[in-house]
Amino acid sequence: MVPIPKVASWEALNLFLLEASRNDEQRLIGDRTQTVVQGCIWSENTWGALAEEGFDLAAVHFRM
């Protein structure tokens, strides 16, 4: 239910998304006093950076 961006090229789409992302960094969520980017910084400082190596998110089960 999100409007589809109308752009001329993949490069234009990437620029559009980068600008939208940067604008979103200053957004306040609900009644919070910190911006989105401040929350991201707090989260990284509190919980640590994201893992550099990927891992499987699915469990595979076989019926016997």
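The values are calculated or read from the model by the stated rules, or taken from the named source; none is laboratory data. Small disclaimer: the values here were computed from a predicted structure and weren't measured. Reconstructed Cβ throughout: ideal geometry from the backbone, glycine too, with neighbour counts over all protein chains shown. We work out accessible area using only protein heavy atoms, side chains counted, and drop any ligands, DNA or RNA first. Shrake-Rupley method; radii C 1.70, N 1.55, O 1.52, S 1.80 Å.
Which trypsin sites (Lys or Arg not before Pro) in the chain sit in a loop by DSSP (not H, G, I, E or B) and have at most 15 other Cβ atoms within 10 Å of their own Cβ?
Hits after loop and neighbour filter: Lys6, Arg27, Arg32, Arg63.
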Accessible surface of segment 5-64, 1.4 Å probe, proportion on carbon and sulfur as whole %
57
Residue by residue, what Karplus-based ³J(HN,Hα) values in Hz, rounded to whole numbers, does segment 46-53 have, using 6.51, -1.76 and 1.60 with θ = phi - 60° and x for Gly and Pro?
7, 9, x, 5, 5, 5, 7, 9
If you plug each phi of segment 13-28 into the Karplus form 6.51 cos²θ - 1.76 cosθ + 1.60 with θ = phi - 60°, what whole-Hz ³J(HN,Hα) values come out, in order, with x for Gly and Pro?
5, 4, 5, 4, 5, 5, 5, 4, 5, 5, 5, 5, 4, 8, 6, 9
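Counting only heavy atoms of the protein chains, get the accessible area per residue of the chain (1.4 Å probe) and round it to a whole Å² value. Could you put the intermediate results ahead of the total?
Values: 6800 Å² over 64 residues.
That works out to 106 Å² per residue.
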To the nearest 20 Debye, how big is the dipole of the chain about its Cα centre, given +1 on the beta carbon of each Lys and Arg and -1 on that of each Asp and Glu?
280
Could you give the length gained on full extension between Glu53 and Ser21, defined as 0.36 nm per residue of separation minus the Cα-Cα distance, in nm?
9.1 nm
